[in-house]
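Some notes on the structure that comes next.
The values are calculated or read from the model by the stated rules, or taken from the named source; none is laboratory data. This is a predicted model, so every value here is computed, not measured. We place every Cβ from the backbone using ideal geometry, glycine too, and count neighbours over all the protein chains shown. Only protein heavy atoms, including side chains, enter the accessible area calculation; ligands, DNA and RNA are left aside. Shrake-Rupley method; radii C 1.70, N 1.55, O 1.52, S 1.80 Å.
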Amino acid sequence: MKKLFAALLIPISIFTLFGFKSLQAQDATIRGFIYEKETGEPIIFTNVYLYKTSYGAASDVNGYFAITKIPAGNYTLMVTYLGYDTLKIAVNLKPGEIRTENLFLEKSSVMLDIVSVSAERQAAKTETQTSIVKVTPLQIKQIPTIGGQADIAQYLQVLPGVIFTGDQGGQLYIRGGSPIQNKVLLDGMVIYNPFHSIGLFSVFETDIIRNADIYTGGFNAEHGGRISSVMDITTRDGNKKRLAGKVGASTFGASVLLEGPLKKQAENGGGSSSFILSAKNSYLEQSSKVFYDYVNEDGLPFNFLDLYGKVSINSANGSKINFFGFNFTDKVNYQDISDYHWDAFGGGANFVVIPGNSPVLMEGVFAYSSYKMQLDEENQQPRTSSINGFNAGLNFTYFMGKNELKYGLELNGFKTDFEFFNETGSKIEQQQNTTEISLYGKYKLTAGKFLIEPGMRMQWYASLSEVSLEPRFAMKYNATNKTRIKLAAGIYSQNLISARSDKDVVNLFYGFLSGPENLPQEFDGKEVSSKLQKSQHLVVGLEHDLSRSLTVNLEGYYKYFPQLTNLNRYKIYNEEDAPPGTPDIEKKDFIIEKGKAYGVDLSLKYSKNGLYFGGAYSFAFVERYDGEIWYYPHYDRRHNLNMLGSYTFGDLSQWELSLRWNFGSGFPFTQTQGYFEKLYFTGGINTDYLNENGNMGVQYAELNEGRLPTYHRLDFNIKRIFFLSETTTLQADFSVTNVYDRENVFYVNRISGDIVRQLPIMPSLGLTLSF
């Protein structure tokens, strides 16, 4: 497999040479940005083309488009997008000219499917898009909302290959990858925990999101430092024309959003600046004593507060710089069982630059992010972890007709501080500074019905003095207008590891550690030559349009993890106190493991005349080998099924009804075999063990041989929009979570036997005023 990946280096160099040669031609280029006229916000993934020619492009997440290698002449530039009037502009292009056109689309009062082309359907033919899902606020709002608060955390749970631990816990597992192996970016800034303890909500306010790209595997060279998946979220710039906002409240929590111009954008464009601010919180711990006292008379223990702000400064040609910052907090207190809380904050800047005489797009980011957590648990030592640091990047994209070359560099530096006690009572702690530097390049080639994207990434882990070369590859074959075959593969590495107890029935705590240097010298009979965690991905898929309204997507994947680092559950001695000849597995803080994740994901989408249906089924296996035994990690779920339906109706589409049902087979856990009095022999051989009082000890059964009961839940939501004026609406939401009151298990305390259930039936009501 490695030989196959290494062979990709040759086409990269060849494609790069062809790409730079094309820049020397005297063909013309037309580029620019596409904005919504009403707000000045960029319109993403829009089709832009020269009428009655084959020259065209789609706008990116910044609304930027570039059509290159155009012969000189007179053309009609045309923009079509569903829900907006078609725009036509006459252009005269001279040899070698690089022309900038910033375009403004007006919302249409009439939907004309004949001239409007679905951007999603078009992107399916022009982008490889293997194991990637693009998510917008419109899609997020199609699922049943909780208390009127649509959230990306609720939407992610319906995607194929994505596993959540349930209503509580807030952990995300993507195709066999644990949370630490999933990279989350907000405007290019690293977010270490994107989900709250109540799994219904993320830290992201839905209405500030412009787009979210979810890579479930096989991602290309622009992303690295994680071995499973990437979630890349871009926020809006804010309304450049007028002051606007939203105020919402429900039985769960409240939210406020305010946006507007600092320097108003003129009708025909020009420079501008804008801001957007958002705040949302949960007061469920307090409100549940009034509305949901049947669940717990002491209230549901969830509180959080999320703050985000952004200022955007835009030049006349579309270049811009954004400044942003955030503070996210979460606190959950399960009475007499555990107290868990975390705090995250950070900020930074990113920019987009359009050079005057070159068909290139330059993007960059510099940001700082900090995260700290603590878990205090009954009859257990406290667990604490923190991570903070910066990330910086610079990216260049050259547009060469239907082909493009993208390359860049990244710099990451972070500090970890960790303290943990394992099942034997041994203390594990670490404080470490880490630096990572990476270079990458990828080339997109369009050759007839083929789209080919080879890439290469070089990761240098300075603190470990180790370099990782990581070839990537993606391909799509447009077999017919309705059928597409796709493939993606790559090698990945990461330094960050997570620390958790495999003996927890359901885990709340995820500590962050830098990859330790003091690892066992051998694993599985072979010498350990690397300190990194590694993976290899292979994904194959088939897309088929059964009709204009119905699309099916089938993907099979295999992820091999040749080296993983985990806390040593077998540790008995501290290394400095271990008797001579003690094997590594009894004294090292960490052990080496290997593993694999494989499965099949099937998804179905139907959308027509206000009716939407989506279905996703995953059949998956996740396995680990620790040098002693093969076992299933706690997030291995064999079957996962999601069904979603929504219907919009009324003369003004003012009503919406939606349903969502989720079924998941049981997670594995380590069963309790018995209890005993545990003596620590603090006095050594002189300990009076006949009179010393010990603690309660647990005798565990085989690792993760048990299975929790199956999980399933039905959610319902109905919305009604009241139009108060041209720019003001009031939306009323009524929702029911867990309609048939399924008693799903969340947490079991091994000592007391107390069981914390997932959320019971919970009706909620919310109101949102938009202006």
Assuming Gln459 fulfils every condition listed in (1) of a type in the set (S, T, N, Q); (2) outside any loop (DSSP other than H, G, I, E, B); (3) open to solvent by 10 Å² or more (accessible area, probe 1.4 Å) apart from one, which condition is it? (3)
Is there a residue in segment 716-726 that is free of Cβ contacts under 8 Å to residues at least 60 places away in the same chain and under 28 Å from the mean Cα position of the chain (by Cα)? no
From (1) at pLDDT below 90; (2) open to solvent by less than 40 Å² (accessible area, probe 1.4 Å); (3) of a type in the set (Phe, Trp, Tyr), pick out the condition that doesn't hold for Tyr81. (2)
Pairs needed: first member in segment 698-711, more than 20 Å from Ser665 (Cα to Cα); second member anywhere, outside any loop (DSSP other than H, G, I, E, B) and open to solvent by less than 30 Å² (accessible area, probe 1.4 Å); C-beta distance under 6 Å; at least 6 residues apart or different chains. Gln699/Gly674
Scanning segment 669-699 for residues that are outside any strand (DSSP E or B) and at pLDDT 80 or above, which turns out surrounded by the fewest Cβ atoms within 10 Å (Cβ to Cβ)? Gln671
Test Leu445 against the stated conditions and say whether it is modelled with pLDDT of 95 or more, aliphatic (A, V, I, L, M), open to solvent by 20 Å² or more (accessible area, probe 1.4 Å) and in contact with a strand residue (DSSP E or B) (Cβ under 6 Å, 6 or more places away or on another chain). no
Can you confirm whether segment 576-587 contains a residue that is surrounded by 16 or more Cβ atoms within 10 Å (Cβ to Cβ) and touching a Phe, Trp or Tyr at 6+ places or on another chain (Cβ under 8 Å)? yes
Which residue, of Ser319, Ser370, is free of Cβ contacts under 8 Å to residues at least 40 places away in the same chain and either over 24 Å from Val203 (Cα atoms) or not small (Gly, Ala, Ser) (or both)? Ser319
Near pairs, Cβ below 9 angstrom, 6+ apart or cross-chain, from segment 444-464 (within 30 Å of Asn433 (Cα to Cα)) to any residue that is of a type in the set (Lys, Arg) and open to solvent by 10 Å² or more (accessible area, probe 1.4 Å): Gly455/Lys406; Gly455/Lys442; Met456/Lys442; Arg457/Lys442; Tyr461/Lys531; Leu464/Lys531
Number of the exception - Ile591 against (1) closer than 23 Å to Thr130 by Cβ; (2) not in a loop (DSSP other than H, G, I, E, B): (1)
For segment 627-652, name all the residues that are among the hydroxyl-bearing types (Ser, Thr, Tyr) and touching a residue at least 60 places away in the same chain (Cβ under 8 Å). Tyr631, Tyr632, Tyr635, Ser646
What's the number of the only condition in (1) of a type outside the set (Val, Ile, Thr); (2) surrounded by 22 or more Cβ atoms within 10 Å (Cβ to Cβ); (3) closer than 30 Å to Leu708 by Cβ that Glu205 fails to meet? (3)
Tell me, please, whether a residue that is over 29 Å from Gly32 (Cβ atoms), open to solvent by 30 Å² or more (accessible area, probe 1.4 Å) and over 24 Å from the mean Cα position of the chain (by Cα) can be found in segment 348-370. no
In segment 588-602, how many residues are modelled with pLDDT under 95 and within 30 Å of Ser547 (Cβ to Cβ)? 0
Residues located in segment 298-333, provided they are open to solvent by 50 Å² or more (accessible area, probe 1.4 Å) and closer than 30 Å to Glu363 by Cβ: Leu307, Val311, Ile313, Ala316, Asn317, Ile321, Phe323, Asn327
Of (1) surrounded by fewer than 23 Cβ atoms within 10 Å (Cβ to Cβ); (2) in contact with a strand residue (DSSP E or B) (Cβ under 6 Å, 6 or more places away or on another chain); (3) more than 22 Å from Ser535 (Cα to Cα), Ala266 fails just (2)
Can you tell me how many residues in segment 246-260 are touching a residue at least 40 places away in the same chain (Cβ under 8 Å), surrounded by 18 or more Cβ atoms within 10 Å (Cβ to Cβ) and not in a loop (DSSP other than H, G, I, E, B)? 7
Working carefully through the options Leu564, Leu538, Leu532, find the one that is within 23 Å of the chain's Cα centre (by Cα) and closer than 20 Å to Lys486 by Cα. Leu538
Looking at (1) out of contact with any His (no Cβ under 9 Å at 6 or more places or on another chain); (2) surrounded by 16 or more Cβ atoms within 10 Å (Cβ to Cβ); (3) in a strand (DSSP E or B), which one does Asn662 not meet, given that it meets all the others? (1)
Has segment 515-526 got at least one residue that is modelled with pLDDT of 90 or more, closer than 24 Å to Asn193 by Cα and open to solvent by less than 50 Å² (accessible area, probe 1.4 Å)? no
Does segment 594-611 hold any residues that are assigned to a strand (DSSP E or B), touching a residue at least 40 places away in the same chain (Cβ under 8 Å) and either touching a Phe, Trp or Tyr at 6+ places or on another chain (Cβ under 7 Å) or buried (at least 21 other Cβ atoms within 10 Å of the Cβ) (or both), and which are they? Lys594, Gly595, Lys596, Ala597, Tyr598, Gly599, Val600, Asp601, Leu602, Ser603, Tyr606
Quick one: how many residues across segment 371-402 are outside any strand (DSSP E or B), open to solvent by 50 Å² or more (accessible area, probe 1.4 Å) and within 27 Å of Phe418 (Cβ to Cβ)? 4
Flag if Ser273 is open to solvent by 10 Å² or more (accessible area, probe 1.4 Å) and more than 28 Å from the chain's Cα centre (by Cα): yes
List pairs: first residue in segment 744-757 and closer than 20 Å to Gly199 by Cβ and open to solvent by 30 Å² or more (accessible area, probe 1.4 Å), second residue of a type in the set (Asp, Glu) and at pLDDT 80 or above anywhere in the structure, Cβ distance under 7 angstrom, at least six positions apart or on different chains. Arg757/Glu743
